[in-house]
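Just so it is clear, none of the values below were taken in a lab; they were calculated from the coordinates. Here the structure is a predicted model, which means the values were calculated and not measured. All Cβ positions, even for glycine, are placed from backbone atoms using ideal geometry, and neighbour counts span all protein chains on display.
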Amino acid sequence: MRIQDLTDLTGAGTRLFDQLGDAAGRMLEGEIRLGVTGLRRAGKTVFVTALVDNLLKAGRLPFLDVMASGRFRAARLKPQPDADVPRFEYERHLEALTGPAPDWPQPTRGISQLRLAIRYRPGSALRRAVQTASTLNLVVVDYPGEWLLDLPLLRLSFAQWSTMTLDMARHPPRAPLSADWLAWADSIDPAAPAEEEDARRGAALYTAYLHACRRIEPGLSLIQPGRFVEPGDMKNAPLLTFCPLPGDRRGRHSLWALMEERYDAYKTSVVRRFFTEHFARLDRQVVLIDVLGALNAGPIGLADMKRALQLSLEPFRHGSSGWLDWLLGTRIDRVLFAATKADHIAASQHGNLKTLLDGFVAEARSHIRFEGAAVETMALASLKCTDTVITEHEGRQLRCVRGIPVGRDRPTVLFPGDIPPGHEVFPPGRERPYSFLSFKPPAGAGADGRGLPHVRLDQALQFLLGDYLE
Ligand SMILES: Nc1nc2c(ncn2[C@@H]2O[C@H](COP(=O)(O)OP(=O)(O)OP(=O)(O)O)[C@@H](O)[C@H]2O)c(=O)[nH]1
Ligand SMILES: [Mg+2]
């Protein structure tokens, strides 16, 4: 037997042992990995912070059964499950939200995770006879929303991705932003011998174009590859030195071949790793969607966001025909789609927001087949920054919100506008974007020690974790 074979066997043995240990731990204690997914600025970091805060403080969670029935004992932060993944900085995010000058957390730059142990009394007499108290370990992961859009690359060849990307870049709203990169792409010969300098120039121009897509107002969602704008620990890595190219000229040592090679390497060592180490291990998934932000982006921004969302949700499709099943087969059995920042509008509008979200997801559902997985939708706010107040205007009652809009210092009452019932938000003739304002975190949020105030976070938790806590 070769040394290599022995190493393989030892490796396999260790993995088996780890897996058994893992499984035994799960049986005794119970573990659930919750994926918090969403495009950039969807509200992931605030969601995780509010979730952890409310569980740690056993606070504002009346619709979480284990809490309502008095079976909840306590939740504690635990050491990290994976030594090589940084810890989610719950304390720092909470401090930002609740400090003397409350502010939102910065956009996320890399992956992080947190493990929380929830101690509770089992609900059934039978389980209580065996165990008076049980523990559920909840693992939550946070990452930059930009990285989500890397996942659809897994099923695209370099030629397919190049065609799609070039086509988008040549049309509005991207055409004015892509001029420099396109001028370069149209001037080079992809079949010419590969020169490192050409690859670097193309990648730099392409990256500048992606940054411009992110910068314009309203921002565009479909930005690929995600690591080009949020490189995390890959800043200046040679692996990021490629870009889409026109044509299909595969001369062995051509620029095209070099770019294709790097694109494939990016998929294997960055995207597939991210998928297998994070997404493939999830049990439950919450997909956060900034529906109100999409309305603010107008018809073009909304369409771009819907397309980005559809593409990024493809890898979660279930069933035998899912294109990633061969790779691993996901085990997610519950998916919650949540429209975030519901506190931007009056509570009376939440029903319409949910209907709108249902429309968003219905479209995605035709692409993703959640066979066997339970799906729920709701409108929520991880941190409630406003109150709904009723005012009179020209003899009419208006439901308004009161909070501190970003850029102001005092609480203001304003009418944010209504969300039309149904799915038609930009009917023919209406091109004008909506203008829902953003709010600052409220002063003194959670100062009563009961956790951050929210809207329906407890209902979200009940759907996502409730059965594990029975
Ligand atoms: N009013 C209100 N605003 C929110 C809420 N959650 C998020 N926001 C707003 O949305 C912004 C983005 O929230 P984050 O949680 O940082 O979003 P993210 O998905 O982690 O974003 P990336 O890290 O860039 O991917 C915040 O800065 C707030 O302006 C909420 O519950 N209520
Ligand atoms: Mg974040």
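Peptides 255-261, 219-225: what's the order by average Cβ count within 10 Å, highest mean first?
Result, highest mean first: 219-225, 255-261.
Taking the Cα centre of the chain as the origin, how large is its charge dipole in debye, to the nearest 20, when only Lys and Arg (+1) and Asp and Glu (-1) carry charge on their Cβ atoms?
With Lys and Arg at +1 and Asp and Glu at -1, about 1080 debye.
Treat every Asp and Glu Cβ in segment 151-275 as -1 and every Lys and Arg Cβ as +1, leave all other atoms uncharged, and give the resulting dipole magnitude about the Cα centre to the nearest 20 debye.
420 debye
What does DSSP give for the chain in terms of the percent of beta bridges that are antiparallel, rounded to the nearest 5?
55 percent
Shape call for the chain from the C-alpha gyration tensor, a ≥ b ≥ c root eigenvalues: rounded (a/c under 1.5), prolate (a/b greater than b/c) or oblate?
Oblate shape, in that a/c is at least 1.5 and b/c is the bigger or equal ratio.
Name the residue farthest towards the positive end of the dipole of the chain from the options Phe72, Pro231, Ile419, assuming +1 on Cβ of Lys and Arg, -1 on Cβ of Asp and Glu, about the Cα centre.
Final value for the positive-end residue is Phe72.
What residue among Gln131, Ile404, Leu282 has its Cα farthest toward the positive end of the dipole of the chain, where the charges are +1 on Lys, Arg and -1 on Asp, Glu, each on the Cβ?
Projecting each Cα onto the dipole axis, the largest value belongs to Gln131.
Distance between the C-alpha centers of segment 149-215 and segment 373-445? Whole Å please.
Using only Cα atoms to place each centre, the spacing works out to 38 Å.
I need the peptides 232-241, 88-97 ranked by packing, meaning the mean over residues of other C-beta atoms within 10 angstrom, with the highest value on top.
Top of the packing list down: 88-97, 232-241.
Just tell me which lysines come within less than 25 Å, Cα to Cα, of Lys384; anything on the same chain fewer than 8 places away is out.
Output for Lys384: Lys44, Lys57, Lys341, Lys354, Lys440.
Place +1 on the Cβ of every Lys and Arg and -1 on the Cβ of every Asp and Glu in the chain, take the dipole about the Cα centre, and give the residue among Ala362, Gln113, Pro453 whose Cα lies farthest towards its positive end.
Pro453
Rounded to the nearest 500, what is the chain's calculated 222 nm mean residue ellipticity when only DSSP H runs of at least 4 contribute -39500 (n - 2.57) each, over all residues?
Mean residue ellipticity at 222 nm (helix-derived): -11500 deg cm²/dmol.
Within 10 Å, count the other beta carbons around each residue, average over each peptide in 184-192, 108-116, 378-386, and list them highest first.
So the peptides 184-192, 108-116, 378-386, ranked by packing, come out 378-386, 108-116, 184-192.
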